[in-house]
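Structure record follows, encoded as structure tokens.
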Amino acid sequence: MKISEQTVTNVLKILNEEVIPAQGCTEPIAIAFTAAKAREMSSINDISKVVIRVSGNIIKNVKSVVVPNSGGLVGIEVSAIMGLLYGDTSKDLMVISDITKEQMKDVVKFIEDTSIEVIHEDTSTKLYIMVEIHSNNSCLSVEVKHLHTNITQIKRDKKVLLQQACNDNCFNTPEEQREQLSIELIYNLANSIELEKIKPLMSKVITLNSAIAKEGLSGNYGINIGKIIQEHIENGFYGDDVRNRAASFAAAGSDARMSGCSLPVMTTSGSGNQGMTASLALIEYANKMDVEDEQLLRTLFFSHLATVHIKTNVGRLSAYCGVICSAAAVSGALCFINNNSLDMVSHAIANTLGDVSGIICDGAKSSCAMKIATTIYAAFDAYVLASHGKYLHGGDGIIANDIEKTLKHIGRLSQDGMKITDNVIIDIMNSN
């Protein structure tokens, strides 16, 4: 497969747009970013009211997750006011990374003293946030849609200061460039791309994501599934094998992140959990199996780009758990790291998708770490089966004979088939 230099350039643009650092769960951070932008654009000093309009999927992913640097607080109001008072939009998804304990006292007092209204916006847009700042005679609003820092409208009173159209494909890289992606292209490019073109980004993935996983293994976060798996490896309840170690390491990062750990992670397709799933199991595998550094970097390139490709079919937010996309990429990456064929890579990915595609996304919270462990175990099983020539065939449920058709089926399942599921999940969460 001949790959042009322009294609390489396009793919690297996509990768650098999709694999970026963030502190904390990306949905609370997106609210903080929107509020920080509102303050930045406003001359209002006497704020009398703050209105936060959000889609159901934002509510779902903010309701139960601890906001970093908040002192253990959760919720939409906390995220918004942290951003409003002390956020720095120049840091994108690291917008509240420098907030101090002293500043949090101001945040808590502001929440106690100010009228704050959260409105569940009736919109079909999965990722929707609008923050309005009101005074007695003025209002400033900022709207974000589809991507976590994608500002689509800014209004002061009735005057539109910024208006830009946006749909689900409003990436900086054009849709036609993303449509060039395929598992075959990603596989061949991972084998052939000049290492120096991917080393800085993939090295950052290793450094940041490994740091939070190690923190999760050493600290007390959430349900601590990563740490508990490790403890049961050491006491002999689980076998001391690379599969258990990989699941433990990957889940530990999510344990820490969902519980408000302030360490940043490298996200993939808008999600830290997806970024950690796509990387941590492979990093641990490479460590245990003495894989050479170059092969690990190329494998991580494959895994993250395959995650982006699979997730693009699913959409940014969905009732379909996003770590399934990353775990499917990991199964293919396990084939890649062991120098297996493109056919085996494709079969491993399909095996994973045929196995765990029923896992729902019911918001960001402690159980995300459990889902990461579950899907990593499934990825290893899918890889082992493919390596033995055992794989799901076209017509086996949602699986097609061609991997790209299978990915389209996954997109249809998540975007069309699970619409009602998403609404029911949100209704259940709102009733708790």
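Readers should treat all values here as calculations from the given coordinates under stated rules, not as data from a laboratory. Predicted, not measured: the structure shown is a model, and the values here were computed from it. Methodologically, a virtual Cβ is constructed for each residue, glycine included, from the backbone with ideal geometry; neighbour enumeration extends over all protein chains shown.
Remarks
- Most mobile listed residue (Ser124, Ser42, Ser218) in the chain, GNM with C-alpha springs under 10 Å: Ser124
- Using the Cβ of Thr406 as centre and a radius below 12 Å, the other residues enclosed give a net charge of 0, where K and R count +1 and D and E count -1.
- Angle between the chain longest axis and helix 101-113 axis [Cα atoms, degrees, rounded to 10]: 60
- Packing here is the average count of other Cβ atoms within 10 Å per residue, and on that basis the peptides 292-300, 154-162, highest first, run 292-300, 154-162.
- For the range 323-413, the calculated P(r) over all alpha carbon pairs, in 5 Å bins from 0 to the bin holding the longest distance, is 3, 16, 27, 24, 17, 9, 4, 1 percent.
- Translational diffusion of the chain, µm² s⁻¹ [Kirkwood Rh, Cα pairs; Stokes-Einstein; 20 °C; 1.002 mPa s]: 98
- Fraction of beta bridges assigned by DSSP in the chain that are antiparallel (%, nearest 5): 85
- Relative contact order, percent, the range 110-242 [alpha-carbon distance under 8 Å, six or more residues apart]: 9
- Angle between the chain longest axis and helix 272-288 axis [Cα atoms, degrees, rounded to 10]: 40
- Selected from Gly260, Ala246, Ile228, residue furthest toward positive end of dipole (the range 221-268; charges at beta carbon): Gly260
- Residues Phe33, Phe110, arranged from fewest to most other Cβ atoms within 10 angstrom of their Cβ, appear as Phe110, Phe33.
- Using alpha carbons only: equivalent-ellipsoid semi-axes of the range 24-163, gyration tensor based, whole Å: 20, 18, 14
- Pairs spanning more than 27 Å between alpha-carbon atoms, out of Lys60/Lys145; Lys13/Lys60; Lys63/Lys145; Lys49/Lys105: Lys13/Lys60.
- Stokes-Einstein D (µm²/s) once Rh is taken as the Kirkwood radius of the range 163-254 over alpha-carbon pairs, at 10 °C in 1.306 mPa s: 96
- Helix 183-192 axis, angle to the chain major axis (alpha carbon atoms, nearest 10°): 80
- Between Ala382, Ala251, Ala400, the GNM of the chain built on Cα springs shorter than 10 angstrom shows Ala400 fluctuating the most.
- Where only DSSP H runs of four or more residues are counted, the chain gives -17500 deg cm²/dmol as its mean residue ellipticity at 222 nm, each run worth -39500 (n - 2.57).
- Expressed in Å, the radius of gyration and Dmax of the Cα atoms of the range 273-432 are 15.4, 51.
- Basic side chains Lys and Arg get +1 at the Cβ, acidic Asp and Glu get -1 at the Cβ, and with that the dipole of the chain about its Cα centre reaches some 520 debye.
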